[in-house]
Amino acid sequence: MTKVSLFQWAELKQDVPNSPVKAGHKGVVLDYLNPTPTQKEPGYILEVFQNGETLDVVSVPISWVKLLPKIWRSTESTTKQTA
């Protein structure tokens, strides 16, 4: 299994039932879900975005997710310009 980082970007591989989240939507990993007696596959809680706004927060099995190499806000510049 691939190690996931908190706030790592991920892309959904399939539509999420009872949610506006569809295959191809992207979001960030908020938490890892351990397997349970009723849900044998581990999963992730994802905050999914559309047009810069939160579309939904969903819990999905890891097999529904393609992890992306970027971490949320890791590429934003924190330097300030001075005159």
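Any read-out appearing in this document is the output of simple, stated calculations on the displayed coordinates, not a laboratory observation. Just so we're clear, the structure is a prediction, and the values are computed from it rather than from any experiment. In this analysis, Cβ positions are derived from the backbone assuming ideal geometry, glycine residues included, and neighbour counts consider all displayed protein chains.
Are any residues in segment 1-26 under 11 Å from the mean Cα position of the chain (by Cα) and among the small types (Gly, Ala, Ser), and if so, which ones? Spell out how you get there, then give the answer.
Here is the first cut: in segment 1-26, the residues under 11 Å from the mean Cα position of the chain (by Cα) are 4-12, 25-26.
Within segment 1-26, Ser5, Ala10 meet the criteria.
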### Query
Applying the selection to segment 11-53, what residues are without any contact (Cβ under 8 Å) to a residue 40 or more places away in the chain, within 11 Å of Val65 (Cα to Cα) and part of a loop (DSSP other than H, G, I, E, B)?
Asp15, Ala23, Gly24, His25
